[in-house]
Amino acid sequence: MANDLIHILSSVGLTDAQAHLYYAGLKLGSAPASEYAKKTGFNRITAYNILEEMVRQGRFTLVKKTRGKWYSPISPEYLAVDARKNADALQRRLPELRSMQGPKERKPRVRFFEGWDGVRHVYEETLTAHGEILNFANSAVVREYWPAYDEEYVAERVRRGIHLRGIAPDEPTGKRVQGEDRKKLREIRLVPGKDFDFTNEINIYDSKVAICSFASSPQMFGVIIESREVAETQRQIFEMAWRFAAKP
């Protein structure tokens with residue numbers, strides 16, 4: 001358990017030594033560097049220097065007492081906020097960072113994901129969209145496999161301010177979902193279910209096309225195609241279908 005938590009702390013920007021001291025601090029509370037050294041096995045000078053560095057970084061607080069300096073870690077919630085801010089900042093700058101790559105590094109990329117966990121990962125990646133998501137989907141199918149789809153995925157998409165335009169079969173679930181469009185930051189148009197009964201889902205966003213196939217559970221899979229040309233062609237196909245689809 002401790003190793004897992006240390007690994008998680010290291011993954012959000014702490015060095016290995018900082019992660020050990022932070023973890024120790026959660027148990028110690030406010031304590032001098034010598035106590036941190038005993039708890040972690042570091043020598044006192046090393047513990048002191050790292051704690052001072054973490055105070056400068058805002059990850060520890062410092063109180064001066066008559067017996068010296070006492071250190072306390074900030075609440076884990078603040079670490080989570082910082083990690084989220086850093087991840088969001090990186091995500092916003094991805095287009096700029098990718099533009100710095102040479103043409104060879106920007107070649108089209110295809111990633112394949114198996115099983116339900118893989119399909120969930122594909123959905124999570126669509127939440128990195130910088131603009132609108134265009135979507136072909138069967139409203140009933142995804143909710144059959146993912147009962148909390150609206151509370152988890154849709155709610156997070158709305159929280160991130162990502163608008164969606166979708167085309168779905170005209171059936172009871174599709175009509176119900178369409179009726180909630182305004183508060184769910186989307187616009188859905190319905191097409192005859194007997195002619196267009198989609199069994200997989202396609203999401204087009206940025207320079208990516210994400211496909212999720214809902215076959216029986218062992219055969220579920222997802223694919224993400226990262227190609228500006230492929231995404232643009234699929235976007236044009238969507239716009240053509242959008243014009244055909246009846247407006248609500």
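Quick grid of which residues meet (1) of a type outside the set (Asp, Glu); (2) in contact (Cβ under 8 Å) with a residue 60 or more places away in the chain; (3) outside any helix (DSSP H, G or I):
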position	(1), (2), (3)
ASP4	no, no, no
TYR22	yes, no, no
LEU26	yes, no, no
LEU51	yes, no, no
LYS64	yes, no, yes
TRP70	yes, no, yes
TYR78	yes, no, no
Restricting the search to the stretch 112-139, which residues are small (Gly, Ala, Ser), more than 30 Å from ALA89 (Cβ to Cβ) and crowded, with 17+ Cβ neighbours inside 10 Å? ALA137, SER139
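This table checks each residue for (1) assigned to a strand (DSSP E or B); (2) surrounded by 18 or more Cβ atoms within 10 Å (Cβ to Cβ); (3) in contact with a Cys (Cβ under 9 Å, 6 or more places away or on another chain).
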position: PHE196; (1), (2), (3): no, no, no
position: VAL209; (1), (2), (3): yes, yes, no
position: GLY222; (1), (2), (3): yes, yes, yes
position: THR233; (1), (2), (3): no, no, no
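Of the residues that sit in the stretch 38-52 and are over 9 Å from LEU21 (Cβ atoms) and of a type outside the set (Val, Ile, Thr), which one is nearest to the chain's Cα centre (by Cα)? Spell out how you get there, then give the answer.
Our first condition is that a residue be over 9 Å from LEU21 (Cβ atoms); within the stretch 38-52, this holds for 38, 41, 43-46, 48-49, 52.
With of a type outside the set (Val, Ile, Thr) added as a condition, the list becomes 38, 41, 43-44, 48-49, 52.
Working: LYS38: 38, GLY41: 36, ASN43: 39, ARG44: 39, TYR48: 36, ASN49: 35, GLU52: 33 Å.
In this case the residue turns out to be GLU52.
Inspect the stretch 27-50 for any residue being in contact with a Leu (Cβ under 7 Å, 6 or more places away or on another chain), at pLDDT 90 or above and small (Gly, Ala, Ser) and give the result as yes or no.
First, the residues of the stretch 27-50 that are in contact with a Leu (Cβ under 7 Å, 6 or more places away or on another chain): 33, 35-36, 39-40, 47, 50.
Of the ones still in play, those that are also at pLDDT 90 or above are 33, 35-36, 39-40, 47, 50.
Okay, now just the ones that are also small (Gly, Ala, Ser), so 33, 47.
Checked the stretch 27-50: at least one residue is in contact with a Leu (Cβ under 7 Å, 6 or more places away or on another chain), at pLDDT 90 or above and small (Gly, Ala, Ser).
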Applying the selection to the stretch 136-169, what residues are farther than 18 Å from VAL119 by Cβ, part of a helix (DSSP H, G or I) and of a type in the set (Lys, Arg)? ARG159
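The values are calculated or read from the model by the stated rules, or taken from the named source; none is laboratory data. If you're wondering where the values come from, they're calculated on a predicted model, not measured in any experiment. Heads up, the Cβs are rebuilt from the backbone with ideal geometry, glycines too, and the neighbour counts pull from every protein chain shown.
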